[in-house]
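The values are calculated or read from the model by the stated rules, or taken from the named source; none is laboratory data. Note that this is a predicted model, so its numbers are computed, not measured. Using ideal geometry, Cβ is built from the backbone for each residue, glycine included, and neighbour counts are taken over all protein chains shown. The accessibility values were calculated without ligands, DNA or RNA, using every heavy atom of the protein model including side chains. Shrake-Rupley method; radii C 1.70, N 1.55, O 1.52, S 1.80 Å.
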Amino acid sequence: MTGRAFLGLALDLAAGATEQHRRSAVSRAYYAAYHVARELVQSCDVVAPKRDVHNKLQWCLQHAGEKAGNEELAKAGSKLGDLRTERNRADYDLCSNRAAV
């Protein structure tokens, strides 16, 4: 299995009729992006740490992109952070209806 497989599931869930579907879609979309980012970083022979890996992957993409002048890579790191914030909201803030729209 690859991380990209989660994206197909996220799209299926996003089309669901309930808030639970949409919240789960956000979570699966984040993990699709997380695993793709992790594969990219590892392909550059960077060992992703076990501790605080989510924040460090985001940081690595952003700063590698900025250092190389690669706006798309830097933006990907920023978007990964944004998606993680939305995933946390969808999974933990059940009073929020942001994931429901």
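Tabulated data for the structure shown
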quantity	calculated
Residue among Thr2, Thr18, Thr85 that is on the phi < 0 side of the Ramachandran plot, hydroxyl-bearing (Ser, Thr, Tyr) and in contact with a His (Cβ under 8 Å, 6 or more places away or on another chain)	Thr2
Enumeration of residues in the stretch 39-58 that are over 24 Å from Ala25 (Cα atoms) and either surrounded by 13 or more Cβ atoms within 10 Å (Cβ to Cβ) or among the aromatic types (Phe, Trp, Tyr) (or both)	Val41, Val46, Ala48
Extreme residue, modelled with the highest pLDDT, among residues of the stretch 25-81 that are over 11 Å from the mean Cα position of the chain (by Cα) and under 14 Å from Arg4 (Cα atoms)	Ala25
Ala10 open to solvent by less than 80 Å² (accessible area, probe 1.4 Å), among the small types (Gly, Ala, Ser) and either touching a His at 6+ places or on another chain (Cβ under 6 Å) or modelled with pLDDT under 95 (or both)	no
